[in-house]
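For reference, the structure is listed below as structure tokens.
Read the figures in this text as sums done on the coordinates, not as results from a lab. The structure displayed is predicted, hence computed values, not measured ones. Here Cβ is always computed from backbone atoms with ideal geometry, including for glycine, and neighbour counts include all displayed protein chains.
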Amino acid sequence: MGTRFLKVSFSYLGLLSVLWLKKEISIAYMLYLPLLILPKAQWGKYGIKIKGWKYDLKLFTLASLLFLLPFAILSIELSLSKGFKRIPLTFVLYQFLGAALPEEVFFRGYLQTEIKELTRNKWISILLTSLLFMLAHLFKGINFLSLGVFFPSLVFGYLREKTGSILASILFHALSNVIFFSLF
């Protein structure tokens with residue numbers, strides 16, 4: 001009962017932190033609390049591992065070519081027509097370390113794993129995790145952009161499921177953010 005309580009309360013509080021607390025607190029909560037609560041021996045179960053990184057990079061590259069290349073080309077076209085907008089390195093680093101890494105540890109690493117164990121269905125776990133991910137992004141208001149995070153989240157979930165790791169989903173998530181924010 002104690003472990004189950006921790007898992008349920010962690011999920012609940014994690015979602016609350018994403019929705020209502022300051023960004024820095026939710027980042028720390030999503031990233032560090034799982035690492036503190038979960039025994040290191042279980043990190044692999046939650047996709048926190050480097051083993052198989054070459055396969056992860058291959059799938060990340062394939063997903064990027066299929067899903068992000070058209071947006072990258074559009075971003076370049078817009079940059080050429082409006083004048084090139086430089087993206088600061090600190091912004092890119094933040095997208096990896098402050099957005100993609102903690103969100104993927106929490107949503108794909110922890111929640112998707114727990115939902116899959118509960119439902120015993122990888123597709124339901126990807127779908128429900130993506131819905132929760134989208135709901136967590138609605139704290140700024142309901143609009144096309146916040147609702148739109150559902151679709152790339154499906155890709156993040158698939159990458160997590162296919163590789164057994166969160167590495168490819170972290171990379172794809174960060175690159176998606178960089179391309180998206182360069183467009184808008």
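Of the helices (runs of 4 or more DSSP H) contained entirely in the range 97-184, those carrying at least 1 residues that are in contact (Cβ under 8 Å) with a residue 40 or more places away in the chain fall at 112-119, 122-136, 150-163, 167-183. Please tell me if residue 171 is under 25 Å from residue 49 (Cα atoms), of a type outside the set (Gly, Ala, Ser), crowded, with 19+ Cβ neighbours inside 10 Å and out of contact with any strand residue (DSSP E or B) (no Cβ under 8 Å at 6 or more places or on another chain). In short, yes. Among what's in the range 81-132 and is surrounded by fewer than 17 Cβ atoms within 10 Å (Cβ to Cβ) and hydroxyl-bearing (Ser, Thr, Tyr), pick the residue that is farthest from residue 42 (Cα to Cα). Here the answer is 81.
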